[in-house]
Structure formats: C-alpha cells, structure tokens
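Here the structure is laid out as structure tokens; the discussion comes afterwards.
The values are calculated or read from the model by the stated rules, or taken from the named source; none is laboratory data. Not measured: the values here are computed from a predicted model. Because the Cβ atoms are built from the backbone with ideal geometry, glycine has one as well, and the counts that use them run over all protein chains shown. Side chains are part of the model used for accessible areas, which takes the heavy atoms of the whole protein and leaves out ligands, DNA and RNA. Shrake-Rupley method; radii C 1.70, N 1.55, O 1.52, S 1.80 Å.
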Protein chains: 2
Amino acid sequence: MINLGMASLRLYAGLVGCRSGFCARSLRTLSGMTVSQGTRDYNPKQMAIREKVFNTIISCFKRHGAENIDTPVFELKETLTGKYGEDSKLIYDLKDQGGELLSLRYDLTVPFARYLAMNKVTNIKRYHIAKVYRRDNPAMTRGRYREFYQCDFDIAGQYDPMIPDAECLKIVHEILSELELGDFRIKVNDRRILDGMFAVCGVPDDKFRTICSTVDKLDKMSWEDVRSEMVKEKGLSEEAADQIGQYVSLQGGMDLAERLLQDAKMSQSKQACAGLTDMKQLFSYLQLFQVTDKVVFDLSLARGLDYYTGVIYEAILTQTGPVPVAAAQNGAGEKAEEGVSVGSVAGGGRYDGLVGMFDPKGRKVPCVGVSIGIERVFSIMEQKAEASAEKVRTTETQVMVASAQKNLLEERLRLTAELWNAGIKAEVMYKKNPKLLSQLQHCEDSGIPLVAILGEQELKDGVVKLRTVHSREEIDVSRAKLVEEIKRRTLDV
Amino acid sequence: MINLGMASLRLYAGLVGCRSGFCARSLRTLSGMTVSQGTRDYNPKQMAIREKVFNTIISCFKRHGAENIDTPVFELKETLTGKYGEDSKLIYDLKDQGGELLSLRYDLTVPFARYLAMNKVTNIKRYHIAKVYRRDNPAMTRGRYREFYQCDFDIAGQYDPMIPDAECLKIVHEILSELELGDFRIKVNDRRILDGMFAVCGVPDDKFRTICSTVDKLDKMSWEDVRSEMVKEKGLSEEAADQIGQYVSLQGGMDLAERLLQDAKMSQSKQACAGLTDMKQLFSYLQLFQVTDKVVFDLSLARGLDYYTGVIYEAILTQTGPVPVAAAQNGAGEKAEEGVSVGSVAGGGRYDGLVGMFDPKGRKVPCVGVSIGIERVFSIMEQKAEASAEKVRTTETQVMVASAQKNLLEERLRLTAELWNAGIKAEVMYKKNPKLLSQLQHCEDSGIPLVAILGEQELKDGVVKLRTVHSREEIDVSRAKLVEEIKRRTLDV
C-alpha cells in the first residue's frame, strides 16, 4: 500500500507543470547514480545492496505467510482514474497508438484491488514488490525518483477487527528494526476519527477531503500556515480551524483513545467513536506483539489518498542520516527541497471500499496493507556502504581458474567447465595468455577468495595449485578432490 | 540480449495495425491466467513456479561470475530509435505530457549498451532480469504477451575471439538442461557468414538486410515461399535466390565450417572466411565445454535485429509439449497462429557496434550476450504443474498457531509473535474464535506442515501441543523448546 513519502511528493505536485528546475535531459552522475529523466540505473554495487534489502523484506513477508503476486506495469487508464485525488495528475499515460488507453501504475494497491475483483478473490495475504511511476519532480539525492520500488504487503478478507491491521504494523516494526536504519516511529490514526473530528469541529461535509489534504501537510508546514490555508484558501471558519488545531496537536497511545472517547465533543460523532474503539483494540494487539514502543496515535496524520476508510499509518525515521555528499552539488532547481523532511519510509492503511469499485456488483472485500518505500532505504544503505571500510562484493565467484604459463587456455576452459558442472561459481579470463598478476589482481578487486592455478607441472601431476587470495598460501590439491576442497573453503560464500 | 520468439513475433508485425482478431478489452481467464490488454497477472501459484525458474537462471548467471544491473522501464525515445529495424513499430511510446519523449524498453540489450556508454564501462559481465514491452499481437496460450520477462546475460569487453561467445552458449546449455524442458537444440550462425554468402551469391549490397529478413523466415515458411518473397517482393534475381537456397539448407558442426572455408565461391568473401574461421574456433571451445551435442551450425539462422555483427544463435525446444488446454478455446482472432512453431526459448549474438552508437566519440565496446525467453518456459512449467499430482506450495509457512477453545486469541497472538521474533514462519487466523477444524483445513489446503495448538490446560502446563498435519500425530512440547522443535521438524521447508 501506498507510497512512502507521499506527503513530500504532494508538496511538489504544483511544480510538475513547469519542471523549470529540473533538467532531465542532462545526464548527470550523482554519488554513483546515473540519472536520466528522473529515473536511475542501478550499478552492480547498488544491486548488491538492493538484493540484501529485498531479502530482508521478502523474508519478513514470507515469515508472515504471505503469497506473492505480480501484475502488469500498465493498467487501463480508467482503472486508475478517480483513485488518487489530487495526485492523479502525476500518472504517466501511454501514447494512444490504437487500442485501449493505458497508464503506468501509480502504486500497487489499486492494481491489487483490480486483481482481487477480476479474479473474485475474497481473501488473501499477499506481497508484491515492483516499480511504480509518478510524474513528479524528482529529488535523486534524497532517494526520490519518478520510477521507484514499492514493497507491499496486504491482507484482504472479512476478519475480526484490527487483527490484520496489527499484523501490518508488526511487519513495519520488524522490517525497520532488521534493516538497522536507526530509530523510527510509526504514527497511526483513523480516517473515521479524522472525519468525526471534522464533523464535530463544524467542517461542512463537502470539505472533509480538502481539509484532510491540508491537515496532511502538518509534517511539512507549521500550524499557522496550515490554519491559514484552511481559512483563506479553503474557506473554513476560524472557529472550526481553531478547534481542529486543538485536536491535531494530540499524540499518545491507548490512553489518548480512551480520553477522546470521553471527550464531550468527539463522543458526539458515531464515526469517531467507532474509530477510537478500534484504536484501543489495535493498541491492545500491538502490546501483545510488543511493538508499542515505536507506535504513536497521532491525530495530525491524515495521508492524502482517497481510498482509505479506517486505520492509517506512516513510519518515519527519527534520526537524520548523514547529509548526502551530493546535496552540496545540487543545482538551483533543487533548492526548493531544502529543509523538507524525507523521513517517511512506510505507509498504509485500511481501504474497505476499493475492491468494490472494480466489481460489477460492487461486492466489497475489506483490505488493509502497508507499503515499504524502499528507495529512501537504498539511499541510506548506499551512504552507509560508502562510509564503511568493508567492500561490497558484486559477484559470488568462489574461484578464479588461472595459469602462470602460456598456451594453457584450453586447459583453463576445460577445468572451468568442470567446476561449473559441479556447481562451483568460477571465472576464467577471456584471454589466450593472461598475465598471472592480472588474474590475481582481478581476484583482489572483486573479492574472489580462491585461485586454481594450472601449469605444465600440475597437469602432469594431476593436481591444481589452490591459492588463498588473502593469505597468499598455496597448496596442491588433486584434481579429483578439487571441487570438494573449494566447497569446504567457501562455505560462507 | 534479444527476444526469444523474435522470429514468430515478426510474423505478426503486420497484424498489429488492425488488431482485428484480438479483443484486448474483454478480460478473459485462460487456463488460470488473467488476461488484459495482452498482459497477464501472476497468481500465487504462478509466482511460485516463476520463483523456481528464476532461481535456476540466476544461480547459473552467478555461477558464471555475473554482476547484476537494473535500468528504468522507459528510455528516451531516441535511444530506441533505429535499433530494431522493421520491429520498431512495436515500441510502446509514453504520452507527451511535457518533458522528454519516452518509450518503454523493447529489450534489455539497447538499455545495456546505453548504460555502458553513459557510465564509460568498458568491460563487465552482467545479468539483467526484467520485463520488456512490445505492441504485438499477443498469444497468451503460447506464452506470448505484450509484457514479458527477459533474462539477459552479456559480456562486454575486448577479449580474444569466441571465448565469451562460447560461454554464452554454455550458459544456454546449462539453463535449458537444468530446467528439464525436454530436448533442445542451439542453432548458431554468423552475420559475417550470412553477408559473405549474400555477396558471393550476387545479392546487391543494399539488399543484404531485407534479404536477411526473408531468410530469417525459413523456420516458419517453406523454401519455395521464401524464394518467392526474395524474387517477387524484393526483386532478387532467380539465380541469386537459388544459390542462397543451396547454402541455407546446410547444417553441421566444425566440419561444415571447414568445408565452406574450402568452398570455391564462399572463400572469395573475406567476411565469410573471417566468420567461418571464428566458427571453427567457437566449436573447439564448445567441445571443451562439452556442449556440442546440442549445438548446430545452421546457415539458415538469420535473426532479425539490426545490431548483430558476428555470431548469432537461437535455442529451440525440439519436443513439442502437450497442447495447451486453452488452445481449443481460441477465438477466431487467434486462428492465424495455428501451426506456428513456438519452440524458441533463447537467442542472442555478438553486437560490437551498438555501444559506440551511444558514445559521443563513437568508442566501441564489443559485446556478446544471450536472452532467455522465460514466458514460454513458464507456460511449459505451468502445464507440467497442472498435470502433476504434486501440489505447488505458495507460502513457506512452517506452523499454524491454533486453538481448540474459545477466548484464546490473545494467547495465540502472543505465541505467534514469539515465533516470528525467533524467525519461524508462522500464521494465525484473524478470528477471535475460529473452529479448530477450519484452522486444520487451512493447513491442509496450503501445505503447512505443523500446528501449534494452545488450550487452557497447555497454558497451565507451559506446553504447546505440536501436531504434524500429514500424520495427525500430536506431542506436547515445552514452550521453551518449541522454536527449536519446529526448526528441527521443518529443516526442509
């Protein structure tokens, strides 16, 4: 579910039209990333880091019994229409080349809901890891791109309240803990509490969504600015705005939910009471899952998307990482981003009405889910790797098949094929007569731990000289025992 | 590198304009696949099969020391322009919403070449697994979609001739053997041999490419039809066509290369001689790699794409699999496909000029690579799975936390969290009071091997009843030893 950094994305929606600052045509290299049209290539080192992060996330999803699905990168344009509120203008459309009008997926939630309705699936716990697309003003140095990964976990089905919701928060807690990104906090709220609050504060029904959008900016703007937008731009009364102001400053846990249930005004709203009762229930499950240390009930959390109907949440990193080296190189066009919080790394919530929008008979399938926003995590991990002395290996090669003498290409190739056929990860230089030094250098550079050296004498004796790269120790191993010996020495590779 | 099934794709290029037969709007379900706009969703069972296939392929690529890269799903339109010959009309363009004109990638080879040039990489061995896009007439029952995966392995760099080329063929041999898809054959040829042949047969220089395209249809059309196209449509003389006809009927191994080097006419072409000499060299390396049993030098292999400069190859499955169940359900629109060979599962070749097209100074980086066309493989594996009695598991859950009595939800959640925290893959039902039978039924359905059953008595005794699903055997395990016991019993999961 939903995009990390949604809040900050929205801030720039207005800039997209002009794109004045961002020269996407120029291909620049920022701290090792190649940047073109707001997207990025991943080089082998970045891919090695990405693989590690994905493994952590997928392990967690599998630990929770999730199945995996995949959907196409584009959907019928009409599938995406009317699902994202103001952000719909960020959708990439395909050119009309005949046939249906298509758009690149904007998130994985709407395709998931379409999938459930189309296949008449009424309950599933699934994960989906794939790229999504937004015509937004990119900010590469902060891990924000026009093409980026989402790692979604969702639970669809009619169940007893808040149990799947609590599992989603447990998953966020597990993943952020395991990735060791520093301290984090998970804010939770409920759309019903927000709507109830708007109602009792005197917001007219037809202004709920737009006022909700303004409240959602509280993590980026001061209350004064938010209040001013409500009153001056959106025409809300000053009294209503001030009453909202009192509520949205509140943060707490189960105690806050209990207090608000007793609140003279809030308790007048049935919706708010339902949300608050569920919030209490949610916290009781979170206690069982031992994750309440990081979770805070925060009435200012709104989230921008239209389709949420119940609990919503967002995880932020509370420690600011090291300032990216590239930040200092930013051109004028990226100035607007300075000072913007970019800590959001996961978000989601409950959307009980979305599947019904795709079902011909409107049959609903309640859903709750979370999306891990992985690009920001990649950026942090890359910075960590740069700062660390430890080298990131980009291959898993166990052994290099080498020779010190000339005219042994055929023998090298024969041995390499033997090793491949035995399941050993092996490399050989594509030169007839490479220098031993350059073969050893390649091992040093790419972290290959062993070298199998062939020479005339070794061939006569039926042995191979097995060299350990880091110790430079060499021993003769009989050809028959070579595979076994390599496996023994590279158990950890 | 290049698309499997390229040859068959090309056959339908002409149909794309009308699309009369294919009603992409109607969403149909064909043998378990959901189909929309020529793309497919993958359900959990299909994803489980896909994961297995990818693991086999990625293991092979890693065994050969390949690094991994990734590029964006879209490229600047101009990057793709002029690289695919007649097939360029199949490229998906994005709508012009301001900014650069973008297109969805058509293969992974051109983005790879762009990546090398942009990052000034002069040598790398990399794999890249990602989806590519073609506005083609889809044929879902045969594993042909508008969105499909390619699994590419390429070696870039200036090396001694034919060593990397031989490794690519070794890789195809390994992967097709490991996937157990039945017998296969790898056809090889060389663009220089083809061009030399055209020259000595009297084809005018400016007709090389178009005659090459016609030759490429030999796997789908009779020689008579190919000859007729050459003479009547492309204006080749009858004599030239007949001379070509004699050559393209030739198949063999190293012996054929030697014979052609002595051929009075062929030996007049320097280009052909260079290609034939390299072909001999290639076969000598393939002998060392012990893969000549499946490789055949076939002068009729042409491959359609413009960018090949040397060796080309294509792997086909020689056993026809079971006829897909859905084939009988095909509508009239898919009639045109009947009788078309769909055996091609890998292809590639050498493209020494492509990187230079992206370098401002035209600096060349020689490249050779192969693309495994995985959709066809998925189709075969899915059919196998359907036919097999063995159930495909879609989760890896080791244990279900259950209870036989009411009011134990909290205890179930607490224990489940304990197991998750210990790295055990565990599920729990999202119901306050689920029936034991439905909890056990879920285990049966999804292949969960163990159930940890909690009851009042077990809680008092500090134990859990651990049930083995298939044997229905139950034993009490102390809470402290539960994790260890579950791990011991599910080592193979």
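Could you please let me know if A:Ala274 is small (Gly, Ala, Ser) and touching a residue at least 40 places away in the same chain (Cβ under 8 Å)? Yes, satisfied.
If only residues of the stretch B:249-278 that are hydrophobic (A, V, I, L, M, F, W, C) and out of contact with any Leu (no Cβ under 9 Å at 6 or more places or on another chain) are counted, the one that is surrounded by the most Cβ atoms within 10 Å (Cβ to Cβ) is B:Ala274.
Every condition in (1) modelled with pLDDT under 90; (2) assigned to a loop (DSSP other than H, G, I, E, B) is met by B:Ser88 except one, and the failing one is (2). Picking from residues in the stretch A:412-437 that are open to solvent by 50 Å² or more (accessible area, probe 1.4 Å) and either within 34 Å of the chain's Cα centre (by Cα) or of a type outside the set (A, V, I, L, M) (or both), the one that is nearest to B:Ile171 (Cα to Cα) is A:Asn421.
Restricting to the stretch B:94-116, and then to whatever is assigned to a helix (DSSP H, G or I) and of a type in the set (Ser, Thr, Tyr), can you tell me which residue is farthest from B:Asp154 (Cα to Cα)? Only one residue tops the list, namely B:Tyr115.
When A:Tyr285 is tested against the conditions (1) more than 24 Å from B:Glu418 (Cβ to Cβ); (2) open to solvent by less than 10 Å² (accessible area, probe 1.4 Å); (3) within 27 Å of the chain's Cα centre (by Cα); (4) not acidic (Asp, Glu), the lone failure is (1).
Here the stretch A:193-222 is the region considered, the condition is being under 27 Å from the mean Cα position of the chain (by Cα) and among the basic types (Lys, Arg), and the residue that is farthest from A:Lys170 (Cα to Cα) is A:Arg209. Condition check for A:Ala113 on (1) closer than 29 Å to A:Lys361 by Cβ; (2) within 10 Å of chain B (Cβ to nearest Cβ): one failure, at (2).
Among the residues of the stretch B:67-110, which ones are more than 7 Å from chain A (Cβ to nearest Cβ), open to solvent by less than 30 Å² (accessible area, probe 1.4 Å) and among the β-branched types (Val, Ile, Thr)? Within the stretch B:67-110, B:Thr79, B:Ile91, B:Thr109, B:Val110 meet the criteria.
Against the criterion of being away from every other protein chain (no Cβ under 14 Å), surrounded by 15 or more Cβ atoms within 10 Å (Cβ to Cβ) and in contact (Cβ under 8 Å) with a residue 12 or more places away in the chain, B:Gln383 qualifies. Taken across the stretch A:391-410, residues that are in contact with a strand residue (DSSP E or B) (Cβ under 8 Å, 6 or more places away or on another chain), open to solvent by less than 10 Å² (accessible area, probe 1.4 Å) and without any contact (Cβ under 8 Å) to a residue 12 or more places away in the chain do not occur at all. Here A:Tyr307 passes the criteria (1) in a helix (DSSP H, G or I); (2) aromatic (Phe, Trp, Tyr); (3) more than 14 Å from chain B (Cβ to nearest Cβ) except the one numbered (1). Flag not set for A:Phe22, criterion: farther than 30 Å from B:Lys89 by Cα, more than 7 Å from chain B (Cβ to nearest Cβ) and modelled with pLDDT of 95 or more.
Contact map, the stretch A:152-178: first residue in a helix (DSSP H, G or I), second residue hydroxyl-bearing (Ser, Thr, Tyr), Cβ cut-off under 7 Å, separation 6 or more or different chains; pairs are A:Ile163/A:Tyr285; A:Ile163/B:Tyr430; A:Pro164/B:Tyr430; A:Ala166/A:Tyr285; A:Leu169/A:Tyr313; A:Ile175/A:Thr56; A:Glu178/A:Thr56. Filtered by the rule that a residue be closer than 26 Å to B:Leu108 by Cα, surrounded by 21 or more Cβ atoms within 10 Å (Cβ to Cβ) and not hydroxyl-bearing (Ser, Thr, Tyr), the stretch B:298-309 gives B:Asp298, B:Leu301, B:Ala302, B:Arg303, B:Gly304, B:Leu305. Where residues in the stretch A:140-192 are among the basic types (Lys, Arg) and more than 13 Å from chain B (Cβ to nearest Cβ), which of them is least open to solvent (accessible area, probe 1.4 Å)? Result: A:Arg191. So is B:Thr214 assigned by TED's automatic domain parsing to the domain that holds B:Tyr159 and either open to solvent by 40 Å² or more (accessible area, probe 1.4 Å) or at positive phi (or both) or not? Spelling it out, it is not the case that B:Thr214 is assigned by TED's automatic domain parsing to the domain that holds B:Tyr159 and either open to solvent by 40 Å² or more (accessible area, probe 1.4 Å) or at positive phi (or both).
On the given criteria, is B:Ser388 more than 9 Å from every other protein chain (Cβ to nearest Cβ) and either modelled with pLDDT of 95 or more or touching a Leu at 6+ places or on another chain (Cβ under 9 Å) (or both)? Against the criterion (more than 9 Å from every other protein chain (Cβ to nearest Cβ) and either modelled with pLDDT of 95 or more or touching a Leu at 6+ places or on another chain (Cβ under 9 Å) (or both)), B:Ser388 does not qualify. Residues in the stretch A:438-473 that are surrounded by 12 or more Cβ atoms within 10 Å (Cβ to Cβ) and acidic (Asp, Glu): A:Glu456, A:Glu458, A:Asp461. Inside the stretch A:193-211, residues that are among the acidic types (Asp, Glu), within 19 Å of A:Tyr351 (Cβ to Cβ) and open to solvent by 40 Å² or more (accessible area, probe 1.4 Å) make up a count of 0.
Quick grid of which residues meet (1) assigned to a helix (DSSP H, G or I); (2) in contact (Cβ under 8 Å) with a residue 60 or more places away in the chain; (3) out of contact with any Cys (no Cβ under 9 Å at 6 or more places or on another chain):
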position: A:Thr210; (1), (2), (3): yes, no, yes
position: A:Val215; (1), (2), (3): yes, yes, yes
position: A:Glu229; (1), (2), (3): yes, no, yes
position: A:Ala240; (1), (2), (3): yes, no, no
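For residues that are open to solvent by less than 50 Å² (accessible area, probe 1.4 Å) and touching a strand residue (DSSP E or B) at 6+ places or on another chain (Cβ under 9 Å), tally how many sit in the stretch B:217-248. So the count comes out to 1. Do we find that B:Ala48 is over 23 Å from A:Glu147 (Cα atoms) and either within 10 Å of chain A (Cβ to nearest Cβ) or at pLDDT 95 or above (or both) in this structure? Taking the combined requirement at face value, the residue satisfies it. Selection of the stretch B:400-421 for residues being at negative phi and more than 10 Å from chain A (Cβ to nearest Cβ) yields B:Val401, B:Ala402, B:Ser403, B:Ala404, B:Gln405, B:Lys406, B:Leu408.
If the condition is being of a type outside the set (Asp, Glu) and free of Cβ contacts under 8 Å to residues at least 24 places away in the same chain, then the stretch A:480-493 contributes A:Ala480, A:Lys481, A:Arg488, A:Leu491.
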